[in-house]
Structure formats: structure tokens, C-alpha cells
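Worksheet for the structure shown next.
The values are calculated or read from the model by the stated rules, or taken from the named source; none is laboratory data. Only a predicted model underlies this, so the values are computations on that prediction, with no experimental measurement involved. With ideal geometry, Cβ positions are generated from the backbone for all residues, glycine too; neighbour counts draw on all protein chains shown. Note: areas computed on protein heavy atoms with side chains; ligands, DNA, RNA excluded. Shrake-Rupley method; radii C 1.70, N 1.55, O 1.52, S 1.80 Å.
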Amino acid sequence: MAAPVRDAPDVTAPPSSLLDDVLRRVNRIRTAHGVDPIYALPPSCTAWEGGACVLERAFEDLGVLIVDYRQAHGRGFSFDHGLGDFVRDFDARRFPTLLVAK
């Protein structure tokens, strides 16, 4: 008798960078909500400058309107995103390659 077929395990290789880890987590959230994964975080202005947070842009097609340090919020829904450290570092300009000049 043949062994049962199993799903392939998730990739367990460590992310090559913090941004890679963030992108993987963003993609898990996106695919869990039925939206295609993204392959690069979109550039953005910091939230402090009144520009959209990079996560707001990444979650835009999920209907997310606001991203704070712990949650993402839309019309009639909220969810914990677990990306607070990234958002704080982003707002502190620790990722200059994700910023767009105004």
C-alpha cells in the first residue's frame, strides 16, 4: 500500500533580512485573506509625514484603511498584524530604501 500524500512543508529557511521576514508575514496575511502575495514592499513616506505607511499600501487591496503599531483596521474589521517592531523602525527612518522623496 502506498504512503499517503502529504502537503509540502513550509519553507523553514531563516529570512535573509528583517524586510524579508516582514514580506513573508505580509504575504501570509494577504493569502489568508484571499489576495495574491506581493514580491516587494511598496516604497512609501513615513506615517509621521502624513504619507501612507508601507503596510497600509501593502494591505490596501484587503480594504485596510489604517495601520497602527499593533493592528490593521478597515470598515467593520480589525486584525492584529504582529509587525509593530517593523512599523516603529520604519517610522524612525531605519529603512531609507522604502522611503519616497516628496
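For the reader, a short list of remarks on this structure follows.
- A probe of 1.4 angstrom, applied to the heavy atoms of all protein chains, finds Val35 with accessible area near 30 square angstrom.
- Cα lying deepest toward the dipole's positive end in segment 35-102, options Phe90, Leu62, Gly76, charges on Cβ: Phe90
- Ser16, Ser78, Ser44, ranked by accessible area, largest first (probe 1.4 Å): Ser16, Ser78, Ser44
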